[in-house]
1. If you take every residue apart from A23 with its C-beta less than 14 Å away from the C-beta of A23, what net charge results, scoring Lys and Arg +1 and Asp and Glu -1?
2. Would you tally the net charge around G197, using a Cβ to Cβ cut-off of less than 13 Å, leaving G197 out, and scoring K and R as +1, D and E as -1?
3. Does a label point 7 Å from the Cα of R14, set along Cα-to-beta-carbon, have any residues of the stretch 144-183 with amide nitrogen under 16 Å, and which are they?
4. State the three equivalent ellipsoid semi-axes of the stretch 1-148, derived from the C-alpha gyration tensor as the square roots of 5 times its eigenvalues, in descending order and whole Å.
5. If I take every Cα pair under 8 Å that is 6 or more residues apart in the stretch 126-278, average their sequence separation and divide by the length, what percent do I get for the relative contact order?
6. Calculate how large, on average over all directions, the projected area of the Cα convex hull of the stretch 114-263 is; give the answer in nm² to one decimal.
7. Can you list residues from other chains, or at least 5 along the same chain, whose modelled amide H is less than 5 Å from the amide H of L268?
8. For the chain, with a Gaussian network of springs between Cα atoms less than 10 Å apart, report the residue from E233, E178, E118 with the top mean-square fluctuation.
Amino acid sequence: VGARRDDTDRLASRWSAELLSWAIPEDILAAAAESPWTHPVAVFARSASTDLEASPDTPSYRRALEALLADGSAPAAGRARSVLDVGAGAGAASLPLAPPATRVVAVDEDERMLRAFEALAASRGIETETVLGRWPECADRIGEADVVVCHHVLYNIADLVPFVTALDAHARLRVVVEMTETHPLSYLNDLWRVIHGVERPTGPTASDAAALIESLGIDVRVEAFTRPSRWAEEDRPTRVALARQRLCARPEHDEVIASMLSEEDRGLVALWWDRPEG
Ligand SMILES: C[S@@+](CC[C@H](N)C(=O)[O-])C[C@H]1O[C@@H](n2cnc3c(N)ncnc32)[C@H](O)[C@@H]1O
């Protein structure tokens, strides 16, 4: 256990140091027209809505569904099943699970995202509860759920151990995390070099997150897959404008941004584990 704790400490420090290295140089940030750290609510609402129309054919969706359906302890019809979605955004990870989920609890620190989540859930008559707060600080206010999902949040979390431990503690059956294989802003690294002459980091990666979770004694499974980027649904000028904002660039850079912006599929990873008592 002592060796494992050393391992966890080492992996956790490396995770947070590598994440912090994504900070944007002060002078570039000071000259930026708008904050580069943006989560456009409309884009998340659109991709959640697409996944509600047709359930996503992904390991993350299938693994969560499988756990919700597998609990044989009660008759299938009318059985209550709950999902907790941490960093829910507009609900892309959780709303497609209802049904069979009968209740979805969404946690997010961004109130605009929770409003988008509520609007989408209401349009489908899904029973929900929303909690405005930062995980894991708000975790004590929230009960257990059958399945806990957390998609595209881990690269925001410098202190990963308490975050993951609280996900684990809130799941009755299974936890399903989805993340990109590499940092979600890596697709702009070449443009940072061209526009600002700045070399961006390459880590941490989903494998680092998996190793850290495993060091906690969790039997984590890893399934890699690809999916078109959710930005692919947006038109080209919107994608260029978003990239410009994230790059702290100016309109005169639009041409180079448009010429280098890649349309490739994203490498994604589902990390999931069952709760021992589940
Ligand atoms: C990239 S979005 C992903 C949204 C959604 N899970 C999806 O896959 O479409 C990340 C979301 O996590 C939220 N978030 C980030 N860190 C958080 C934290 N520690 N606690 C609660 N919400 C957080 C952000 O506000 C944002 O809505």
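The values are calculated or read from the model by the stated rules, or taken from the named source; none is laboratory data. Computed from a prediction, not measured in an experiment: that's the story for all the values here. Reconstructed Cβ throughout: ideal geometry from the backbone, glycine too, with neighbour counts over all protein chains shown. Protein only, heavy atoms only, side chains kept; ligands, DNA and RNA dropped before computing areas. Shrake-Rupley method; radii C 1.70, N 1.55, O 1.52, S 1.80 Å.
1. Working: positive: R200, R246; negative: E18, E26, D27, E199.
With Lys, Arg at +1 and Asp, Glu at -1, the neighbours total -2.
2. Numbers: positive: R193, R200; negative: D27, D190, E199.
Neighbour charge sum, excluding G197 itself: -1.
3. 160-161, 182-183
4. Values: eigenvalues 197, 110, 39 Å².
Each semi-axis is √(5λ); the values are 31, 23, 14 Å.
5. Values: 190 pairs, mean separation 44.9, N = 153.
Answer for the stretch 126-278 is 29 percent.
6. Numbers: hull surface 44.6 nm².
The Cα convex hull of the stretch 114-263, projected and averaged over all directions, gives 11.1 nm².
7. Here the answer is E181, F225, T226, R227, since their amide H atoms fall under 5 Å of that of L268.
8. With Cα springs under 10 Å in the chain, the top fluctuation among E233, E178, E118 is at E233.
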